[in-house]
Amino acid sequence: MTDSLENWRRTHYTKNVKPEINGEEIVLMGWVHEIRDLGGIIFVLLRDRDGLIQITAPSKKVSPELFEEIKKLKKEGVLAVRGLVQESGKAPNGVEIIPEEIKLLNESKLPLPLDTTGNTHAEIDTRLDSRFLDLRKHNVSAIFKIKSRMFHSIRNFLESRGYLEINTPKLVASATEGGTELFPITYFEREAFLGQSPQLYKQMMMGSGFDKVFEIAPIFRAEEHDTLRHLNEAISIDVETAFTDNEDAMNILEELVCKAITDVKEHCEDALKTLEVELEVPETPFKRVTYDEVIDIVNSKGVAMRHGEDLSRAAEKALGEVMDDYYFITEWPTSIKPFYVMPGFEDPEKSCAFDLMYKDLEISSGAMRVHQHDLLLEKIKKQGLNPDSFSRYLAAFEYGMPPHAGWGLGAERFTMCLTGAKNIRETVLFPRDRRRLTP
Ligand code: ATP
Ligand code: MG
């Protein structure tokens, strides 16, 4: 038998129950985390979004009916408690609740498929299968509190700089960059794809006179490989700015990263403590190393890398041993960057593209873009792509496209930096990877 909520409403979250409100009558709601029945006294740990609190029920202090009700509680039942706050040196947060009335709002099936106390180790796959239970653990929910704050901070920052938030389609007719990383879908009688990047759309917005735009939305990549850094559905934080170049783009990106770290430090103290993460706001400007310098560093670490190659995983790791914080890799060879990247003005073989790295992890790619129609057409052809499939995009470059630059920052990769997560799956509520499509 369960009780109904009626007019009961939570007055406090556990984290707001402090010795200062000693003697107050409050209402808490949450889940039964643990029960210890010592005969004459029962301790119940109530868990909510933000913490745990001890409910102490001595048989001498509570009514026999209430004592019986508390005795019957089971793990993970949904519980509401009305009771008095009592200062207590022995209780975990210096306070406990002496219950006056409880409501059991729902029960949980037992045994649980996953231990919610975190005392028993579970593999990531087991955890993701029962993700709703896994997320009840504070060291798991902490990651999402930080991710939420990161988005909040980024939106605030970009808005304060005059950026407009936009939404572009995720159902698209052709590939952004060519390549095979696309998920084909059936679009009525045609084939279409899930968008791998808002790149072409945000560029068209530069030709629309919007000047400064950003989008926070999913990107879909049909990556075959199963790594700790790749998802098949990720969130990209995309920014594009007209009348600017790659230097400006790097400047705004490093400012945004520092602002997000500062805000997370300020607002997510508890979550960071739970994760045992000590964040440091990096100094700006971030270090800039050229692609050629990267080759030297990587080779000096005994990892082979030739000019014109992208960074292999081994190369990223070797680089991460030397570069210990946030840094940019600049002057990428034009030949290995997408067609829309502007070739260098002094040396066209060295492009205006950059990557932002954190140790051995790429978290963002950006560039000044080609804004000249003819050059863009030439580069599309040179990369073996069919200009016809880009005709609507190319048209935007014939009617007054300003110079522009921008980047895409992977929200999950950045969350890994903020939370210390080693597996990108930890930073997504319900990850989509090579093997996982549910829950
Ligand atoms: P990588 O070389 O690490 O596979 P990429 O260079 O293919 O990444 P970009 O196309 O440059 O990725 O995308 C911009 C950013 O989006 C990346 O720096 C990364 O933070 C994020 N990102 C791209 N692909 C993925 C993915 N499959 N899973 C998670 N994040 C991704
Ligand atoms: Mg990249």
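Annotations for the structure displayed:
- Matching residues in the stretch 393-414 - criterion: being more than 22 Å from F214 (Cβ to Cβ) and either within 16 Å of ligand 1 (Cβ to nearest atom) or free of Cβ contacts under 8 Å to residues at least 60 places away in the same chain (or both): L394, A395, E398
- Pairing residues of the stretch 207-236 that are more than 24 Å from A192 (Cβ to Cβ) with residues that are within 16 Å of ligand 2 (Cβ to nearest atom) and of a type in the set (D, E, K, R), at Cβ distances under 7 Å and at least 6 apart in sequence or on separate chains, gives F214/D238; R229/R413.
- Selection from the stretch 332-365 of residues that are of a type in the set (D, E) and within 16 Å of ligand 1 (Cβ to nearest atom): D355, D360, E362
- Residue match in the stretch 366-376 (condition: β-branched (V, I, T), surrounded by 15 or more Cβ atoms within 10 Å (Cβ to Cβ), farther than 20 Å from A173 by Cβ and within 16 Å of ligand 2 (Cβ to nearest atom)): no
- Any hit, the stretch 17-31, residues being touching a residue at least 12 places away in the same chain (Cβ under 8 Å), within 15 Å of T116 (Cβ to Cβ) and in contact with a Leu (Cβ under 8 Å, 6 or more places away or on another chain): yes
- Against the list (1) assigned to a loop (DSSP other than H, G, I, E, B); (2) modelled with pLDDT of 95 or more, the condition D296 fails is (1).
- Candidate set from the stretch 302-318 (those that are assigned to a loop (DSSP other than H, G, I, E, B) and without any contact (Cβ under 8 Å) to a residue 24 or more places away in the chain); member that is farthest from ligand 2 (Cβ to nearest atom): G302
- For first residues located in the stretch 342-369 and under 28 Å from L231 (Cα atoms), partners that are within 13 Å of ligand 1 (Cβ to nearest atom) and in a loop (DSSP other than H, G, I, E, B) and lie 6+ apart or on another chain with Cβ distances below 6 Å form the pairs S351/W332; S351/K337; A353/W332; A353/K337; R369/Y340.
- Note on the stretch 114-138: residues that are exposed (fewer than 14 other Cβ atoms within 10 Å of the Cβ) and either closer than 16 Å to F430 by Cα or at pLDDT 95 or above (or both) total 5.
- In the set D226, D270, only one residue is more than 23 Å from S351 (Cα to Cα) and at pLDDT below 95; that residue is D226.
- Of the residues making up the stretch 158-186, those that are surrounded by 14 or more Cβ atoms within 10 Å (Cβ to Cβ), in a loop (DSSP other than H, G, I, E, B) and either touching a helix residue (DSSP H, G or I) at 6+ places or on another chain (Cβ under 7 Å) or at pLDDT 90 or above (or both) are R161, Y163, I166, T168, K170, S174, T176, L182, F183.
The values are calculated or read from the model by the stated rules, or taken from the named source; none is laboratory data. In this text the structure is predicted, and so the values were computed from the model without any measurement. All Cβ positions, even for glycine, are placed from backbone atoms using ideal geometry, and neighbour counts span all protein chains on display.
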